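The values are calculated or read from the model by the stated rules, or taken from the named source; none is laboratory data. Because the structure is predicted, anything quoted here is derived from the model rather than measured. Here the Cβ is made from the backbone with ideal geometry for all residues, glycine too, and neighbour counts use every protein chain on show.
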Amino acid sequence: MSKPLTCFIYRSERKADTYLYLIEKDDFSLVPENLMSVFGEPEFSFEFELTPSRSLAKEDPALVYQNLKKQGFHLQLADDLLIEQRLALKGLN
């Protein structure tokens, strides 16, 4: 069984329904600069305990957990972004 991770969720000021999950509160040092420039000023939303089996509304919890463990952050993109925008932003994740 995987150990729960506390994750901290930030909303993008520029992109509706786009969120950044961090493993450390207010620590954006692991997030690439070019991603932060597109994301804009992050606005703290909430925190919660994540396990790979926890249900999430729009994301695969195992993938979020893996990204947090591996790189310290996870990017959740809005559903209505054009496919080209999604691919470009995912390339930064």
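Residues that are modelled with pLDDT of 90 or more and among the polar types (S, T, N, Q) were ranked within segment 38-67; the one that is nearest to P4 (Cα to Cα) is Q66. Across segment 4-26, the number of residues qualifying as in contact (Cβ under 8 Å) with a residue 40 or more places away in the chain and not aliphatic (A, V, I, L, M) comes to 9.
Among the residues of segment 68-85, those identified as surrounded by fewer than 16 Cβ atoms within 10 Å (Cβ to Cβ), within 18 Å of D17 (Cα to Cα) and either modelled with pLDDT of 90 or more or not hydrophobic (A, V, I, L, M, F, W, C) (or both) are D79, D80, E84, Q85. Picking from residues in segment 13-55 that are outside any strand (DSSP E or B) and of a type in the set (G, A, S), the one that is nearest to Q71 (Cα to Cα) is S29.
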